[in-house]
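The values are calculated or read from the model by the stated rules, or taken from the named source; none is laboratory data. Being a predicted model, the structure only gives us computed values, none of them experimental. Quick reminder, even Gly has a Cβ in these numbers, built from the backbone with ideal geometry, and neighbours come from all protein chains shown. For accessibility, only protein heavy atoms count, side chains too; no ligands or nucleic acids. Shrake-Rupley method; radii C 1.70, N 1.55, O 1.52, S 1.80 Å.
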Amino acid sequence: MDGQPMRFKAAFEVLPEFDVSGYESVKVEKPDTDLGDEEFNSELDHVLDGYATVEPVEEDRALADGDWAEIQFRGVIQPLAQTVTEEGVTAPATEPITGEDVLIEIGGKDTLAAFNEALRGAKVGQELTFEVEYPADFGQPQLAGQKVDYDVTVKAIKRKTFPERDEELAKQLGNYESWEDFEKQFRMSKQSRKRESLEMGARNKMLDEVIGRYHFPVPESFVQQQVDARLERGLRALAQQGMKSEDMRKLDFGRLRAAQRDEAEKEVRASLVLDRIADVEGVVVSEAEIDNELRLLSMQTREPLETLRERLKKDGGLERLREQLRRERTGMVLYGKLAS
């Protein structure tokens, strides 16, 4: 009414109140990140395999360990289940597995024992029939845990010859002064990658346990913002893969948003917990670290550094970058403090 004070109600979402005490009791075991000689040699063999030459064995003899058998094969997967009908026992049909001019190392560490046993002692032209039972953790999912009946023909016996490990090969592999220089740099690289991979796994496990200790309502607006961010990243990836804009508009965004919600809520909860722990631990991100990250982004996107900086300032991206780096630093601080 005229002359009456205006009254209205407004609802605001605020950050939840929660206590992060107790995270110091979480313990995680540091993984063994040493690169053993066997592991190093395996990695080195993988590299050298690309420089090896394969030559046929001319002499008339049988396959032996160290040889490579060139085979032609046809495999039929044995059915895991059968159905009884009026016509009798039937099993679901599967497409046979076939291969031409396939090389298999006799006695090789990656060769299944059944192939070694069947091919060892065979000669060129010989036809073999045998069964292979694949382990449940076999690298090819369609064969894992399966039994396969194979018909194999030995087409040739071959020997693989590796190049001399010398200065010439080192220069082919990169800008190395000697073979010793290459081996040293290669070992350091593989050691670093192994350490980073294992420590990241241990750190993620630790963070899951830390964050899982705290239960509080997450503001819905924060969750929806994170859903937006996840969808934006997904659509950008689809665009990079060649999906057209008109095809993107046909996507069921309601279903896509619903599918992203649980992960988005977990990510928001993790961010809130890490921000609170960062306050307790006094974690800060320096301007030098921000500048370094901007330089990396500039090189990746090929956007001039100052243009990138100004754009991120305007759209809030610079502050989001600072928050992301602070959370990453907090995870590293916690790992250094809690891992043993």
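Scanning the stretch 286-311 for residues that are in a helix (DSSP H, G or I) and over 25 Å from residue 333 (Cβ atoms) returns 298, 299, 300, 301, 305, 306, 307, 308, 309, 310, 311.
Within the stretch 254-262, does at least one residue satisfy the condition of being more than 24 Å from the chain's Cα centre (by Cα) and assigned to a loop (DSSP other than H, G, I, E, B)?
The answer is no; no qualifying residue exists.
The residue pairs whose first member lies in the stretch 119-140 and is touching a residue at least 24 places away in the same chain (Cβ under 8 Å), whose second member is among the hydroxyl-bearing types (Ser, Thr, Tyr), and whose beta carbons are closer than 7 Å, counting only pairs six or more residues apart or on different chains, are 127/153; 132/150. Once the stretch 232-271 is narrowed to residues that are under 26 Å from residue 321 (Cα atoms) and polar (S, T, N, Q), the residue that is surrounded by the most Cβ atoms within 10 Å (Cβ to Cβ) is 260. Taking interchain pairs and intrachain pairs at least six residues apart, which have beta carbon atoms under 7 angstrom, with the first residue in the stretch 35-59 and within 17 Å of residue 165 (Cα to Cα) and the second assigned to a strand (DSSP E or B)? Correct list of pairs: 52/160; 52/161; 53/161. Considering only the stretch 317-331, I want to know if a residue exists there that is of a type in the set (Ser, Thr, Tyr) and open to solvent by 80 Å² or more (accessible area, probe 1.4 Å). Taking every residue of the stretch 317-331 in turn, none turns out to be of a type in the set (Ser, Thr, Tyr) and open to solvent by 80 Å² or more (accessible area, probe 1.4 Å). Looking at the stretch 21-36 only, could you name the residues that are out of contact with any Phe, Trp or Tyr (no Cβ under 9 Å at 6 or more places or on another chain) and open to solvent by 100 Å² or more (accessible area, probe 1.4 Å)? Of everything in the stretch 21-36, those that are out of contact with any Phe, Trp or Tyr (no Cβ under 9 Å at 6 or more places or on another chain) and open to solvent by 100 Å² or more (accessible area, probe 1.4 Å) turn out to be 27, 29, 32, 34.
Residues of the stretch 118-137 that are acidic (Asp, Glu) and either in contact with a strand residue (DSSP E or B) (Cβ under 8 Å, 6 or more places away or on another chain) or in a strand (DSSP E or B) (or both): 127, 131, 133. Of all the residues in the stretch 202-220, those that are in a helix (DSSP H, G or I), open to solvent by 40 Å² or more (accessible area, probe 1.4 Å) and in contact (Cβ under 8 Å) with a residue 40 or more places away in the chain number 4. For the stretch 138-151, a residue qualifies if it is in a loop (DSSP other than H, G, I, E, B) and either over 17 Å from residue 99 (Cβ atoms) or open to solvent by 50 Å² or more (accessible area, probe 1.4 Å) (or both), and the qualifying residues are 138, 139, 140, 141, 142, 144, 145.
Every condition in (1) open to solvent by 90 Å² or more (accessible area, probe 1.4 Å); (2) assigned to a helix (DSSP H, G or I) holds for residue 223 except the one numbered (1). Residue 251 satisfies every condition listed in (1) in a helix (DSSP H, G or I); (2) without any contact (Cβ under 8 Å) to a residue 24 or more places away in the chain except (1). In summary, residue 13 fulfils each of the numbered conditions (1) closer than 30 Å to residue 272 by Cβ; (2) touching a helix residue (DSSP H, G or I) at 6+ places or on another chain (Cβ under 7 Å); (3) of a type outside the set (A, V, I, L, M, F, W, C); (4) at pLDDT 90 or above with the single exception of condition (4). Of all the numbered requirements in (1) more than 30 Å from residue 217 (Cβ to Cβ); (2) not in a helix (DSSP H, G or I), residue 283 misses one, and that requirement is (1).
Within the stretch 182-205, how many residues are within 30 Å of residue 168 (Cβ to Cβ) and among the small types (Gly, Ala, Ser)? Counting residues in the stretch 182-205 that are within 30 Å of residue 168 (Cβ to Cβ) and among the small types (Gly, Ala, Ser) gives 2.
Filter the stretch 50-69 down to the residues that are open to solvent by less than 30 Å² (accessible area, probe 1.4 Å) and in a strand (DSSP E or B) and list them by number. Of everything in the stretch 50-69, just one residue is open to solvent by less than 30 Å² (accessible area, probe 1.4 Å) and in a strand (DSSP E or B), namely 69.
For the stretch 121-137, taking the residues that are surrounded by 10 or more Cβ atoms within 10 Å (Cβ to Cβ) and either at pLDDT below 90 or among the aliphatic types (A, V, I, L, M) (or both), the one that is nearest to residue 96 (Cα to Cα) is identified as 132.
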